[in-house]
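Some notes on the structure that comes next.
We did not get these values from a lab; they are worked out from the coordinates using the rules stated. All values reported here derive from a predicted model rather than from experimental measurement. Cβ: placed from backbone, ideal geometry, glycine included. Neighbour counts: every protein chain shown.
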Amino acid sequence: MTEILNVSQYRCIYLTLRTLEERLRQAAAWLQGVEEQGQLYHRALKLSPERRALAQQQVNEALALITDLAQTLGLEAETDEAAGHIRAALSVSWADLCDARSSKLQRYGAVHPGLAAVLDPSIERLAELALSIANLMQHEA
């Protein structure tokens, strides 16, 4: 760490630039044509070649600026354990799934009497799986 930043300032700048870098690298992947295909979604970037090239140029410039600032300010890369991201994301999904049970859907209007039999067993199992996977991501002793 340089003498320019105190510990709190360092952490603020580090987290801000790190988050931006992660988002820029995801954007770069989409700009390169990486597509995501799920059961319930398809994510693809639809841009003209000109706009795609300009965006890629600006992403590259932003990444270069981050590199320069990191070197100037002595910001060092930290190892990021993916298990924490998985644990956090699936814990949020567990909570969302608990709120998606048929009994909770009344807040959106009348619930069909047959919905619980169709929806709830799968929602319950998905919630169990999400929580189980999240728990597996705990650090081993």
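Assorted remarks:
- Loop-resident sites, region 16-76, for trypsin sites (Lys or Arg not before Pro), counting at most 14 other Cβ within 10 Å (DSSP): K46
- Rounded to the nearest 20 debye, dipole of the chain from Cβ charges on Lys, Arg, Asp, Glu: 600 debye
- Rounded, prolate or oblate (a/c below 1.5 giving rounded, otherwise prolate when a/b exceeds b/c) for region 7-73 by Cα gyration tensor: oblate
- Identified option (computed Cα extents along the principal axes in Å; candidates (1) 76, 35, 22; (2) 63, 48, 29; (3) 41, 34, 30): (2)
- Global form of region 46-104, assessed from the alpha-carbon gyration tensor, a/c cut-off 1.5: oblate
- Region 16-54-region 57-98 distance, computed between alpha-carbon centres (Å): 15 Å
- Scalar couplings 3J(HN,Hα) for region 66-71, obtained by applying the Karplus form with A = 6.51, B = -1.76, C = 1.60 to θ = phi - 60°, are 4, 4, 4, 5, 4, 5 Hz; x denotes Gly and Pro.
- Given charges at Cβ of Lys, Arg, Asp, Glu: region 8-127 dipole, positive-most of S122, A27, L45: S122
- Cleavage-rule hits, chymotrypsin sites (Phe, Trp or Tyr not before Pro), region 1-85, DSSP coil, Cβ neighbours within 10 Å at most 14: Y41
- Ranked by the mean number of other Cβ atoms within 10 Å of their residues, highest first, the peptides 64-73, 126-135 come out as 126-135, 64-73.
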